[in-house]
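Notes for the one structure printed next.
The values are calculated or read from the model by the stated rules, or taken from the named source; none is laboratory data. What you see is a predicted model; the values in this text were computed from it and never measured. Cβ coordinates were reconstructed from backbone atoms using ideal geometry, including for glycine residues, and neighbour counts include every protein chain displayed.
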Amino acid sequence: MDYKSLSKFTYADIDKEVLINSVLYNNDANELKMNMMADYEPCFYSKAIEDTFIPSKFCPKCHKKYPSEENFCLDCGVALKDIKDVDINQIQLNPKFRIKGNNHYDDFNEILTFENLEKININSFDINAISEKIRRSAIRRLDRTIKKNDILLDDLSVLEKIMLFCKSFVNVEYKSYGPELGYYEFNKIYIDDRQLDVLQITTLIHELTHFLNKEILSHTLCQILDCDKTSQIESIVTFILSYSPLNQLVDEYAAHTVEGRFTLYGFQDYSSFLNIQNSIDIADEEIEMLKTIGNTFAIAIKHILESFINADLLKDIKNQFKSDIMDQPDYKNLALENCTLLNKEGLTRAVRFILYDGFAVAMDNIDTLEQYNINLE
């Protein structure tokens, strides 16, 4: 991958740079923490004045709550529904993002040809349109789930909201052993429910980013090859993201960046990125370009997540940090933040680099791909 050639397609992420610099250089850390915390509302509130009854029904349109004797919403004129206790952990959506093309490949030897390899450098694709399609599909699935299960979002905890949102993209299961907070593998997120709520929240966001990186590149490869999305296509993209430490760095940096967007300043964690970086010999200039690619991927993924994690829910997540975490914030990890982005042409070139090189290597690793495919089917 010719990283130097991408430098002319970069530009500064001014908003992020100003924010990072204000934390790192221009404010006393304790004063900054006090100012930041002052903006957050308490983690509890009282509705004793508003609610003089025990609600048992709600309006499916405006979500106003009513006592049992009421049958219609006074404001909307629609029939009320009973408030139910919904266990988000028991909701299984098994989400699928389908792509249809003029070709259908279910054999690696049919896909991994030199003709298809050359298509990666020739055929067009649109990352923004792809990520928007994924976003809309997941939001529609989330909306259907909420209506089908009569879920009142306001009654869910912050963790339950994030869990439900994640499940509209990918299957989530609980892990029963191992030191990790969680991990993503073969279209499943595994999470440790023994951890604090806020750590489960940030882990879900981090691992969801890994899934979305895979999903966006799978859709891109399908668009390039004009084919259906099959488990074989997903296996190839999974291999591409994992076979090279350089691609792993891009993937991890994107995940850390997205996670950091929804994390209180001073609690950013880049441990998995640093573990990979420290295991290879690589120039600082190359590291920064890999960060730039990951940072640009993160922009598309943050757009997807912010369709649900709005300003109010973001504030709730930060309040959850106040409730769960007693450690003092440590701002040194903010120095790892990259404040450079690729323009549209630069991102297109980076994606072509990643897919072309990985596709070529995959042609000689069909046995590994077959193992991946078993886990994805």
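The table that follows gives values for the structure above.
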quantity: Filter result for residue 189 (outside any helix (DSSP H, G or I), of a type outside the set (Phe, Trp, Tyr) and crowded, with 24+ Cβ neighbours inside 10 Å); calculated: yes
quantity: Any hit, segment 71-90, residues being within 30 Å of residue 220 (Cα to Cα), aliphatic (A, V, I, L, M) and touching a residue at least 60 places away in the same chain (Cβ under 8 Å); calculated: no
quantity: All positions within segment 211-234 that are of a type in the set (S, T, N, Q) and part of a helix (DSSP H, G or I); calculated: 213, 218, 220, 223, 231, 232
quantity: Given (1) touching a strand residue (DSSP E or B) at 6+ places or on another chain (Cβ under 7 Å); (2) buried (at least 22 other Cβ atoms within 10 Å of the Cβ), number of the condition residue 206 does not satisfy; calculated: (1)
quantity: Residue check for residue 157: over 22 Å from residue 57 (Cα atoms), polar (S, T, N, Q) and in the same structural domain as residue 351 (by TED's automatic domain parsing); calculated: no
quantity: Residue in segment 292-302 that is over 14 Å from the mean Cα position of the chain (by Cα) and part of a helix (DSSP H, G or I) present; calculated: yes
quantity: Residue within segment 83-106 that is closer than 16 Å to residue 224 by Cα, in the same structural domain as residue 229 (by TED's automatic domain parsing), of a type in the set (Gly, Ala, Ser) and assigned to a helix (DSSP H, G or I) present; calculated: no
quantity: Test: residue in segment 348-359 that is of a type in the set (Asp, Glu) and farther than 30 Å from residue 95 by Cα; calculated: no
quantity: Whichever residue in segment 107-117 is within 30 Å of the chain's Cα centre (by Cα) and part of a helix (DSSP H, G or I) and, among such residues, is surrounded by the most Cβ atoms within 10 Å (Cβ to Cβ); calculated: 111
quantity: Among (1) in contact with a Phe, Trp or Tyr (Cβ under 7 Å, 6 or more places away or on another chain); (2) within 16 Å of residue 260 (Cα to Cα), the one test that residue 361 misses; calculated: (2)
quantity: Residues within segment 118-152 that are surrounded by fewer than 13 Cβ atoms within 10 Å (Cβ to Cβ) and among the hydrophobic types (A, V, I, L, M, F, W, C), tallied; calculated: 2
quantity: Any hit, segment 158-179, residues being out of contact with any helix residue (DSSP H, G or I) (no Cβ under 9 Å at 6 or more places or on another chain) and either of a type in the set (D, E, K, R) or assigned to a helix (DSSP H, G or I) (or both); calculated: yes
quantity: Selection within segment 353-371 - over 22 Å from the mean Cα position of the chain (by Cα) and within 17 Å of residue 292 (Cβ to Cβ); calculated: 353
quantity: Given (1) assigned to a loop (DSSP other than H, G, I, E, B); (2) in contact (Cβ under 8 Å) with a residue 12 or more places away in the chain, number of the condition residue 326 does not satisfy; calculated: (2)
quantity: Hey, residue 137 at pLDDT 95 or above, more than 13 Å from the chain's Cα centre (by Cα) and either of a type in the set (Ser, Thr, Tyr) or more than 19 Å from residue 310 (Cα to Cα) (or both) or not; calculated: yes
quantity: Single residue of 126, 75, 143 found to be among the charged types (D, E, K, R), out of contact with any strand residue (DSSP E or B) (no Cβ under 9 Å at 6 or more places or on another chain) and outside the structural domain of residue 323 (by TED's automatic domain parsing); calculated: 75
quantity: Lone qualifier among 357, 330 - being under 18 Å from residue 114 (Cβ atoms) and in the same structural domain as residue 239 (by TED's automatic domain parsing); calculated: 357
quantity: Where a residue in segment 202-213 is touching a residue at least 24 places away in the same chain (Cβ under 8 Å) and closer than 14 Å to residue 138 by Cα and its partner, wherever it lies, is of a type in the set (D, E, K, R) and outside any helix (DSSP H, G or I), with Cβ under 9 Å and at least six apart; calculated: 211/188
